[in-house]
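The values are calculated or read from the model by the stated rules, or taken from the named source; none is laboratory data. The model shown is predicted, which means the values in this text are computed figures rather than measured ones. Note that we place each Cβ from the backbone using ideal geometry, even for glycine, and neighbour counts take in every protein chain shown. To get the accessible areas, we keep the full protein, side chains included, count just its heavy atoms, and leave off ligands, DNA and RNA. Shrake-Rupley method; radii C 1.70, N 1.55, O 1.52, S 1.80 Å.
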Amino acid sequence: MGLAVAIIGSGPAAFYTAASLIAAAPDCGIDIIERLPTPFGLIRYGVAPDHEHTKNVMKAYSRTALSPQVRFFGNVEVGLHLSLDELRTMYDAVVLAVGAARDRPLGVPGDDKQGVIGSASFVGWYNGHPDFTDLAPNLATKGVVIVGQGNVAIDIARVLAKTPAEMARFDLCDHAAAAIDASPVADIYMVGRRGPIEAKFTNVELREMGHLENCNPVVEAGQLPATVEGEMSDRDRRMKDKNLASLRSFAETPPDPAKKKRIHFAFYAAPVEVLGGATVEGIRFERTKVEGGNAVGTGQFFEIPCGLVVAAIGYRSATVKDTPFDERQGVVKNDDGRVAPGLYAVGWIKRGPTGVIGTNKVDGEHCAEQVVADLKPTGKAGRPALEALLRQRKVRAISFADWQTIERAEIANARPGAPRRKFPRVADMLAVLEEARAAAS
Ligand code: NAP
């Protein structure tokens, strides 16, 4: 009998770890435990709906899930149905791959007003994450301010700006599509506390903003430096040069009067206060300059009226009980992935929410190497012990075959040309399985 490994979470870090473990120790047993009935984490609920090509990796993850060594246990929540400590008594190794699904607070007065939403919640809402189906963001407003200039901010701006026709081929959730379509949103501000060179978005994503059907990108030419200065790698410099060229072309291209929406790229502005009563009416910024790479306030302030503020300032991980959790950094304390004997962290819970999907592949390979180097099978029961505990606690675990039944229903329900129509509620997913069971009996 080989190593018994439990992986908590089923996003990219989880699947790359599982695939690497299968390669490194083909006799191991790997159980992937996921809170939702659906696998793939950030790929399903984080990647923008109109970036369907990015989701192709789900095919590779499915092949891993269908490997004889692997079992998927969806709808099982560690911390609710069983504890991490219980899991550690059953498995030789437990790998935390729970990602960073929480929002970081904006941290300015008024950030608790109705109408201030974090990017994890907002993205979850338009992507059909069951936790955010009832979010109801205030889109009955002409102005939306997105704080932050990373790729998540760009995703949000683009989803708000695209027309129903531009979104028709994708799986934007019905509730979000209807709300965005009915919304009077005309001005979307993407505000960065530093300058165009420091902005975190990548060029493919930025360039896309110049090709939207009903939206003009707006940039003040005076905010753009003449050249990219400062210490950085050649790769980064090439990217920054391209970003500057794209922004310059936005600034120089006269707006198309037929396009009704605008995305304003605003630099050198740090949020200082969200304005309004119980609900958001605007946001005040302090003008900044960049010194030594940092945003420094200039003492000049301005306001942008808006009914919705989306803080796209990076994610953080939820506290994981029974681990040494670093509340300030929002990650589990670890030594290059090792948390405690037999306990590992991989992906965003290990190193914070940065990098692209492929970064987790390297992480997963590294984690698998550590598990195999550190541990020998000790005869822990692993899967049978987990199954017995879940039976005893009457937890309805979702198998990968169950998930495939849900997936088939999502594909069958899709709008013509769209890849799937997600069920935004867990109860509806479980109902699909009940119907399938009734039809088969
Ligand atoms: P991110 O890239 O770290 O960007 C966060 C943005 O928020 C930065 O502009 C940052 O400014 C700003 N910010 C942070 N704290 C702030 C504060 N207190 N006040 C004002 N601004 C603040 O994070 P992300 O956009 O959430 O993306 C997470 C990761 O996923 C990134 O690695 C990203 O590339 C990746 N991703 C990739 C894609 C894609 O490839 N298409 C799509 C989505 C996400 P500073 O720079 O000044 O800190």
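The figures follow:
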item: CD proxy at 222 nm, helix term only [per DSSP H run n ≥ 4: -39500 (n - 2.57); per residue of the chain; nearest 500]; result: -10000 deg cm²/dmol
item: Whole-percent carbon and sulfur share, accessible surface of segment 103-315, 1.4 Å; result: 50 percent
item: Under the span-like rule (Cα at least 20 Å along the axis, Kyte-Doolittle mean at least 0.0), DSSP H helices of the chain; result: 426-440
item: When each of LYS55/LYS261; LYS240/LYS321; LYS113/LYS240 is checked by Cα-Cα distance, pairs over 31 Å; result: LYS240/LYS321; LYS113/LYS240
item: Cβ-based charge dipole, the chain, positive-most Cα from GLY337, ILE7, ALA161; result: ILE7
item: Förster radius 30 Å - calculated FRET efficiency between LYS376 and ALA427 (Cβ-Cβ, nearest 0.05); result: 0.10
item: Highest to lowest packing among 84-95, 38-49, scored as the average C-beta count within 10 Å; result: 38-49, 84-95
item: Accessible solvent surface per residue of segment 1-49, calculated while the other protein chains remain in place, 1.4 angstrom probe, Å²; result: 21 Å²
item: Three-way shape call for segment 103-315 based on the alpha-carbon gyration tensor, with the a/c threshold at 1.5; result: oblate
item: Peptides ranked, highest mean first, by Cβ atoms within 10 Å: ranges 175-185, 345-355; result: 345-355, 175-185
item: Beta bridges by DSSP in segment 103-315, antiparallel share as percent, to the nearest 5; result: 45 percent
item: Probe 1.4 Å, accessible area per residue of segment 103-315, Å²; result: 45 Å²
item: Rounded to 5, percent antiparallel among DSSP beta bridges of the chain; result: 40 percent
item: Computed E for MET232/ARG262 - FRET, C-beta separation, R0 35 angstrom, nearest 0.05; result: 0.70
item: Given charges at Cβ of Lys, Arg, Asp, Glu: the chain dipole, positive-most of ALA436, VAL372, VAL320; result: ALA436
item: Out-of-range pairs (alpha-carbon distance over 19 Å; input LYS142/LYS260; LYS59/LYS200; LYS361/LYS422); result: LYS59/LYS200; LYS361/LYS422
item: Percent of C-alpha pairs per 10 Å bin, the chain, short to long; result: 4, 20, 28, 25, 16, 6, 1, 0
item: Student exercise, segment 103-315 dipole from Lys, Arg, Asp, Glu Cβ charges, in Debye to nearest 20; result: 460 debye
item: Cα-centred dipole magnitude for the chain, charges only on beta-carbon of K, R (+1) and D, E (-1), debye, nearest 20; result: 440 debye
